[in-house]
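S.K.: The structure follows.
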């Protein structure tokens, strides 16, 4: 039963028709209305920029813009995709020849949960690029009503009706950016022996 005192749970259950689970904080059930791609926020932002540049992401600026919902939490980006997409991800990555690489790209499907971002407030813009270090926040909130499925990336050849890219293109773009971020982070990290030498050199000289 929905707690009428909890406006967050009320908004998701009554206005969006999204199932939640009991407890605090409010959490959303994946695999019913949507699945989720969980990626590093840096890779996610770069992927969205590439898709926007191609004119195929349905990601025009502004809180009321069309496009699929996207949330941020603790340095991660959560991209909502069509229900059932989590089961397709391993096969898609293999087909795209990413299956043998560690990409820090995960999918949350049936039985999974995500923290519910607070509903978008009237007159308040969505979260900025950095998002939140703790609680989940909407970078691109879902539109009003109960028709989120129409906006979600799917395996359909035309993608979502709301202008979202098809799932194959989204996964390909996100995987490419995840790999790029992983390589950049590896280049920024010196080898273990050099890091150890740096710590040794930084020690103060002993005084007699």
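We did not get these values from a lab; they are worked out from the coordinates using the rules stated. Just so it is clear, the structure is predicted and the values come from calculations on it, not from any experiment. Glycine also receives a Cβ, built like all others from the backbone with ideal geometry; neighbour counts cover every protein chain displayed.
S.K.: Remind me, what semi-axes does the range 75-119 give for its equivalent ellipsoid, largest first in whole Å, using sqrt of 5 times each Cα gyration tensor eigenvalue?
M.R.: Working: eigenvalues 103, 34, 14 Å².
Working from the Cα gyration tensor, I get semi-axes of 23, 13, 8 Å.
S.K.: Show me the ranking of peptides 42-50, 101-109 by mean Cβ neighbours inside 10 Å, starting with the highest.
M.R.: Numbers: 42-50: 20.7, 101-109: 16.8.
Output ranking for 42-50, 101-109: 42-50, 101-109.
S.K.: According to a simple spin-label model (label point 7 Å from Cα along Cα-to-Cβ), what is the distance in nm between residue 150 and residue 188?
M.R.: Output for this residue pair reads 4.1 nm.
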